[in-house]
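Q: The structure's right below; bear with me while I get my questions together.
The values are calculated or read from the model by the stated rules, or taken from the named source; none is laboratory data. Computed from a predicted model, the values in this text were never measured in an experiment. Note: ideal-geometry Cβ built from the backbone for every residue, glycine included; neighbour counts use all protein chains shown. Ligands, DNA and RNA are excluded from the accessible area calculation, which covers all protein heavy atoms including side chains. Shrake-Rupley method; radii C 1.70, N 1.55, O 1.52, S 1.80 Å.
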Amino acid sequence: MSTVTFDTLQFVRTLEAQGFNSNVAEICTKQDLHTALAEAKMEIIKWNVGIIMAAVGLTITIVKLIG
């Protein structure tokens, strides 16, 4: 199994840059990270599904107009 290195200091700095205060950024737990990652993945999936549906709808419209 491979090991993943995680720079916690860099992550705290990233959180602080996004507006979190130092205390909140420093007590962020592993579960918080997993939850945030899961939410981000869900948002990406939602956007992808929406874009695919829009592309299919546009394609159908173009085919109907041409044919």
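Q: Counting only protein heavy atoms and a 1.4 Å probe, tell me what percentage of the chain's accessible area is made up of carbon and sulfur.
A: C and S fraction of accessible area: 67 percent.
Q: Moving on to the next point. Positive end of the dipole of the chain, charges at C-beta (+1 Lys, Arg; -1 Asp, Glu), about the Cα centre: which of Thr59, Ala36, Val12 has its Cα farthest in that direction?
A: Thr59
Q: For Met53, Met42, give the ranking by accessible area with the largest first, probe 1.4 Å.
A: Met53, Met42
Q: Per 10 Å bin from zero, what fraction in whole % of the C-alpha pairs of the chain is there, up to the bin with the longest pair?
A: 17, 28, 21, 15, 12, 6, 0
Q: Roughly how many Å² is the accessible area per residue of the chain, as a whole number, for a 1.4 Å probe?
A: Using a 1.4 Å probe on heavy atoms only, each residue of the chain averages 92 Å².
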